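Chemist: I'd like to ask you about the structure that follows.
The values are calculated or read from the model by the stated rules, or taken from the named source; none is laboratory data. Just so we're clear, the structure is a prediction, and the values are computed from it rather than from any experiment. Cβ placement follows ideal geometry from the backbone for every residue including glycine, while neighbour counts extend to all protein chains displayed. What goes into the accessible areas is simple: the full protein's heavy atoms, side chains included, and nothing from ligands, DNA or RNA. Shrake-Rupley method; radii C 1.70, N 1.55, O 1.52, S 1.80 Å.
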2 protein chains.
Amino acid sequence: MATGRDVAQLAGTSTAVVSYVFNNGPRNVSPATRERVLAAAAELNYRPNALARALSFGRTSTIGLIVPDIANPYFGELARALEDAAMERGELLLIGDSSLDPERERRHIAAFVERRVDSVVMVSLLDEPDFAAFEQASIPVIALHPIADDAPAASLTIDYELAARAAAAHLVAHDFDSIGLLNGPAHSVGAGQHRRGFLAAMAEAGRELRHDERNSGTSRADASAVSLRWLAEPERPRAITCATDEQAYGVLHAAYLLGLRVPQDLAVIGFDGTEHSEYAVPPLTTVRQPIRAIAARAIELVAEAAAEPADGADFTRVRELAGHELIVRASCGCAEG
Amino acid sequence: MATGRDVAQLAGTSTAVVSYVFNNGPRNVSPATRERVLAAAAELNYRPNALARALSFGRTSTIGLIVPDIANPYFGELARALEDAAMERGELLLIGDSSLDPERERRHIAAFVERRVDSVVMVSLLDEPDFAAFEQASIPVIALHPIADDAPAASLTIDYELAARAAAAHLVAHDFDSIGLLNGPAHSVGAGQHRRGFLAAMAEAGRELRHDERNSGTSRADASAVSLRWLAEPERPRAITCATDEQAYGVLHAAYLLGLRVPQDLAVIGFDGTEHSEYAVPPLTTVRQPIRAIAARAIELVAEAAAEPADGADFTRVRELAGHELIVRASCGCAEG
DNA sequence: CTGAAAGCGCTTACAG
DNA sequence: CTGAAAGCGCTTACAG
């Protein structure tokens, strides 16, 4: 592949000028030589080597993204929104998929540090992700979920407890007398938030109410298997609110297999609110996360932090909250009121 | 961030030795100095700079992936399978999402060339993707869809025509008398393959049969909108076979909105066969692509090509076919025979 | 406006 | 077994 030297030679100038032309600076180039350089570059199919550029420039113009599960459409949508926001700033988004495997997450962290990404957006599998490698490399990180107050990273997230409460309260308001929570893994931080929100709504009901919690992984397969057992019990819930849309799809599938009609026999609410939720059968009532707003703000924060390394300490104090929205559709049977 | 020089200084040795230690070669290092280097590296949190390494080594240990739409679970699953295969070979997979936008695809191609990925796996939005930039940079590319015979890339793909015929033939065999094809954009190469397979099955039916084709984008939203109009017509089909699972989900949604029961009033078949298809309501009959096998083979081919640049000409002649499999579930009403 | 040269952080023949 | 030095392909003060 042609190098800047080759171009300089063909254009009868120096590599410095080639660089000035391709970067529009930092020095001016006369129109005539600029023409010659461009012509030579075109003839040789010259593509600047981004590795060499980054090595001497000190920035890679690259943002790393780590997601737990790219096959989950929520993270697919999130990745797309982040890439849109990154591209607008001329940054490339590198996507690392942890495949629900903590070891994978660790490897992506290492790979991003070694490749010197300018900054990182992270959705960790772990309750206490290990930010140490990024911290040592002075790479700013923003987590899109709650993190410890003293964690060396920023965070931007909805208030899961409040959002979970809103979903459960919706079911309470519509007089269901037996409400279930299909939560994530029982001891995770995220499950604790959903549980607290759910229980708060139950406590506020002001009437007798049976309620119950079950736990499953985030996959449809797992959620379906758990729901199949749950819904076969004599005391099965009349309504179920879930910690993710994926789990809600599993509930819908289990209900189908058992011949339960949704919403007539079972009301269902999801959580996350991807575009796909509108096309579920029946369309899914869900709590929508403002994915595009979160993505745009996350990239903005992280790009600023990368540009002003001096403010690193301030950046790791950032704890921003985004709003959520309950979208009422057919799956909970309350769409008309 | 600490450099190899810092480590060498602290360990009282040279940068060459640091490199030998971290790469296990190409020269031996005495156990004593190796210890000292490792200790110094640990103390300084040394992480080799992959950019500098790649620049001098001439390889980035990186494979680029371009997909049309990462929010489509099929490509999510594909990306995951490819990353698994890449990691097994110690390569990092960089994922570029074209967001159904050809301009985006072009930018990813440019970014991959500039970053000097060792090779590329590509699912293009376009019928005739532009491989020129990769060819000029001598970067081997494998497309996971059919490409022109003289295209400067390898390809590995199922036989879409055969697979589409199998799906349609299944409906023919089960005596549906009015069968529709919900195809992709009418004039694309892919739509042509689905159409030929579909029409072949119709021709082989050996009886009177109404059939019809409609076209939609790959999104659920678009497929649902098109289906809504189609299924409201008096001559609506009794069965629909689709070019993608995403479109089939759109059909299921439209049927739901119109109060049509699947499969009693309308049989539906998808195409691609992601894990999610099993959890549709009702579970989706679909043509499964062997995603993991395709991913493993694609990475194998591309890694070999990158290792032996001499065989570049041979590599671009590779046109491999993978098998497909019809998975019969409830959505076509034929699950019991 | 332009060129010669140092430097980014590695790897690897070349000497010893 | 180890060190000094050249080179990978850029960018950018430093001179002119």
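Chemist: Would you kindly derive the ³J(HN,Hα) couplings of the stretch B:154-164 from the backbone phi angles with the Karplus curve 6.51 cos²θ - 1.76 cosθ + 1.60 (θ = phi - 60°), listing them in order in whole Hz, with x for Gly and Pro?
Modeler: So the J values, rounded to whole Hz, are 8, 9, 9, 7, 6, 8, 4, 5, 4, 5, 5.
Chemist: Could you give the distance between the Cα centres of the stretch B:140-171 and the stretch A:50-110, to the whole Å?
Modeler: Between the Cα centres of the stretch B:140-171 and the stretch A:50-110 lies a distance of 30 Å.
Chemist: Right, something else. If you place +1 on the Cβ of every Lys and Arg, -1 on the Cβ of every Asp and Glu, and leave all else neutral, what size is the dipole of chain B about its Cα centre, to the nearest 20 Debye? Intermediate results must be reported in sequence, preceding the final value.
Modeler: Working: 31 positive and 46 negative charges, 181 e Å.
Here the size comes out at about 880 debye.
Chemist: Residue-wise, which Karplus ³J(HN,Hα) couplings in Hz belong to the stretch A:109-121, taking 6.51 cos²θ - 1.76 cosθ + 1.60, θ = phi - 60°, and x for glycine or proline?
Modeler: 4, 4, 4, 5, 5, 5, 8, 6, 4, 6, 6, 9, 10
Chemist: Report the trypsin sites (Lys or Arg not before Pro) located in the stretch B:241-337 that are in a DSSP loop and have at most 13 other Cβ atoms inside 10 Å of their Cβ, or state none.
Modeler: Working: sites: B:Arg261, B:Arg288, B:Arg292, B:Arg297, B:Arg317, B:Arg319, B:Arg329; in loops: B:Arg261, B:Arg317, B:Arg329.
Here the sparse-neighbourhood loop sites are B:Arg261, B:Arg317.
Chemist: Of the heavy-atom accessible surface of the stretch A:58-188 (probe 1.4 angstrom), what whole percent is carbon and sulfur? Spell out each step's value before the answer.
Modeler: Details: 1960 of 4280 Å².
Of the solvent-accessible surface of the stretch A:58-188, carbon and sulfur hold 46 percent.
Chemist: Sticking with this one: What does the convex hull of the Cα atoms come to per residue for the stretch B:4-48, in Å³? Before the final figure, lay out the partial values.
Modeler: On the way: hull volume 2.5 nm³, N = 45.
Per residue, the Cα convex hull of the stretch B:4-48 comes to 56 Å³.
Chemist: At what distance in angstrom do the alpha carbon centres of the stretch B:1-19 and the stretch A:197-275 lie from each other?
Modeler: 57 Å
Chemist: Here is a follow-up. For the stretch A:4-48, what % of the accessible area comes from carbon and sulfur atoms, probe 1.4 Å? Intermediate values should be presented prior to the final figure.
Modeler: On the way: 1360 of 2780 Å².
Its accessible area is 49 percent carbon and sulfur atoms.
Chemist: Once R0 is set to 30 Å, what does the formula 1/(1 + (r/R0)^6) return for the Cβ-Cβ distance between B:Glu213 and A:Leu228, expressed as a FRET efficiency to the nearest 0.05? Before the final figure, lay out each step's value.
Modeler: Working: r = 38 Å, r/R0 = 1.27.
Efficiency, rounded to the nearest 0.05: 0.20.
Chemist: Then there is this: Taking the solvent-accessible surface of protein heavy atoms with a 1.4 Å probe, what is the per residue accessible area of the stretch A:28-182 in Å²? Working shown, then result.
Modeler: Details: 5820 Å² over 155 residues.
Accessible area per residue, the stretch A:28-182: 38 Å².
Chemist: Oh, and also: Pop out the ³J(HN,Hα) list for the stretch A:221-226 in order, Karplus 6.51 cos²θ - 1.76 cosθ + 1.60 with θ = phi - 60°, rounded to Hz; leave Gly and Pro as x.
Modeler: Taking θ as phi minus 60°, the curve returns 4, 5, 4, 5, 5, 5 Hz for the stretch A:221-226.
Chemist: Place +1 on the Cβ of every Lys and Arg and -1 on the Cβ of every Asp and Glu in chain A, take the dipole about the Cα centre, and give the residue among A:Gly270, A:Ala295, A:His145 whose Cα lies farthest towards its positive end.
Modeler: So the residue we want is A:Ala295.
Chemist: Something else: What would the Debye formula give as log10 I(q)/I(0) at q = 0.07, 0.13 Å⁻¹ for the alpha-carbon point model of chain A, no solvent?
Modeler: Listed by q, the Debye log ratios stand at -0.39, -0.95.
Chemist: How many square angstrom of accessible surface are buried between A and B, both sides summed, with a 1.4 Å probe and rounding to 100? Don't jump to the answer; show the numbers that get you there.
Modeler: Working: alone 16780 and 16790 Å², together 28130 Å².
Summing both sides, the interface buries roughly 5400 Å².
Chemist: State, to one decimal in nm and shortest first, how far the label point of A:Glu35 sits from each corresponding label point in the other identical copies (label point: 7 angstrom along Cα-to-Cβ).
Modeler: 6.9
Chemist: Enumerate the amide H contacts of B:Arg319 below 5 Å, restricted to partners 5 or more residues apart or on another chain; note that Pro and chain-start residues carry no placed amide H.
Modeler: For B:Arg319, the qualifying residues are B:Ser155.
Chemist: Where Rh denotes the Kirkwood radius from the mean inverse Cα pair distance, what is Rg over Rh for the protein assembly as shown? Walk me through the numbers on the way to the answer.
Modeler: Working: Rg = 27.4 Å, Rh = 27.2 Å.
Ratio of gyration radius to Kirkwood radius for the protein assembly as shown: 1.01.
Chemist: Kindly identify the stretch A:46-108 as rounded, prolate or oblate by the Cα gyration tensor criterion: order the square roots of the eigenvalues as a ≥ b ≥ c, call it rounded if a/c is under 1.5, otherwise compare a/b with b/c, prolate if a/b is larger, else oblate.
Modeler: Verdict is oblate for the stretch A:46-108.
Chemist: Sorted by accessible area with a 1.4 angstrom probe, largest first, how do B:Leu252, A:Leu257 fall? Write out the running numbers ahead of the final one.
Modeler: Values: B:Leu252 10, A:Leu257 90 Å².
Result of the area sort, largest leading: A:Leu257, B:Leu252.
Chemist: Just the number: Rg to Rh for the stretch B:77-136, Cα atoms, Kirkwood Rh, two decimals.
Modeler: Working: Rg = 11.9 Å, Rh = 12.4 Å.
My calculation of the ratio gives 0.96.
Chemist: Expressed as a whole percentage, what fraction of the accessible surface of the stretch A:189-337 belongs to carbon and sulfur atoms when a 1.4 Å probe is rolled over the protein heavy atoms? All intermediate terms of the calculation are to be shown ahead of the outcome.
Modeler: Details: 3190 of 6300 Å².
That share works out to 51 percent.
Chemist: Still on this structure, I have one more. Please report Rg (one decimal) and Dmax (integer) in Å for the Cα set of the stretch B:213-273.
Modeler: Final numbers for Rg and Dmax: 10.1, 31 Å.
Chemist: Given a 1.4 Å probe, show me the residues in the stretch A:57-77 buried by at least 40 Å² of accessible surface when comparing the whole protein assembly to the chain alone.
Modeler: Hits at the 40 Å² cut-off: A:Ile70, A:Ala71.
Chemist: For chain A, give me the percentage of DSSP beta bridges that are antiparallel, rounded to the nearest 5 percent.
Modeler: Working: 3 of 39 bridges.
The antiparallel proportion sits near 10 percent.
Chemist: Where in the stretch B:267-337 are there GluC sites (Glu not before Pro) that are in a DSSP coil and have at most 11 other Cβ atoms within 10 angstrom of their Cβ?
Modeler: Values: sites: B:Glu275, B:Glu278, B:Glu300, B:Glu304, B:Glu320, B:Glu325, B:Glu336; in loops: B:Glu336.
Qualifying residues, ordered by number: B:Glu336.
Chemist: Out of residues 5 or more away from B:Glu213 or on other chains, whose amide H comes under 5 Å of its own, with H placed 1.01 Å from N in the peptide plane?
Modeler: B:Leu181
Chemist: Nearest 500 deg cm²/dmol is fine: what mean residue ellipticity at 222 nm does chain B get from its DSSP H runs of n ≥ 4 alone, each adding -39,500 (n - 2.57), divided by its residue count?
Modeler: Numbers: 13 runs with 150 residues, N = 337.
Here the helix-only value at 222 nm equals -13500 deg cm²/dmol.
Chemist: If you keep only loop residues by DSSP, which trypsin sites (Lys or Arg not before Pro) in the stretch B:26-79 have at most 11 other Cβ atoms within 10 Å of their Cβ?
Modeler: B:Arg27
Chemist: Can I get the semi-axes of the stretch B:33-171's equivalent ellipsoid? Compute them from the C-alpha gyration tensor as square roots of 5 times the eigenvalues, in angstrom, largest first. It would help to have the intermediate numbers written out before the result.
Modeler: On the way: eigenvalues 261, 66, 36 Å².
Ellipsoid half-lengths, sorted descending, are 36, 18, 13 Å.
Chemist: In the stretch A:271-311, which residues become less accessible by 50 Å² or more once every protein chain is in place, relative to the chain on its own, using a 1.4 Å probe?
Modeler: A:His276, A:Tyr279, A:Val281
Chemist: Further question: What's the magnitude of the charge dipole for the protein assembly as shown around its Cα centre, counting Lys and Arg as +1 and Asp and Glu as -1 at the beta-carbon? Answer in Debye, nearest 20. Don't skip to the end; give the middle numbers.
Modeler: Numbers: 62 positive and 92 negative charges, 218 e Å.
Value, rounded to 20: 1040 debye.
Chemist: What is the set of long-range amide H partners of B:Gly96 at a cut-off below 5 Å, with H atoms built 1.01 Å from backbone N?
Modeler: Amide H to amide H, under 5 Å and 5 or more residues apart or across chains, B:Gly96 pairs with B:Leu65, B:Ile66, B:Val67.
Chemist: So, with +1 on the Cβ of K and R and -1 on the Cβ of D and E, and no other charges, what is the size of the charge dipole of the stretch B:4-48 about its Cα centre, to the nearest 20 debye? Please list the in-between numbers first.
Modeler: Working: 5 positive and 3 negative charges, 25 e Å.
Dipole size: approximately 120 debye.
Chemist: By its C-alpha gyration tensor, with a ≥ b ≥ c as the square roots of the eigenvalues, how is the stretch A:165-290 shaped: rounded for a/c under 1.5, else prolate for a/b larger than b/c, else oblate?
Modeler: rounded
Chemist: Now a separate question. Shortest first and in nm with one decimal, please list how far the A:Glu88 label point sits from its counterparts in the other copies (point 7 Å along Cα→Cβ).
Modeler: Nearest to farthest, the other copies are at 4.0 nm.
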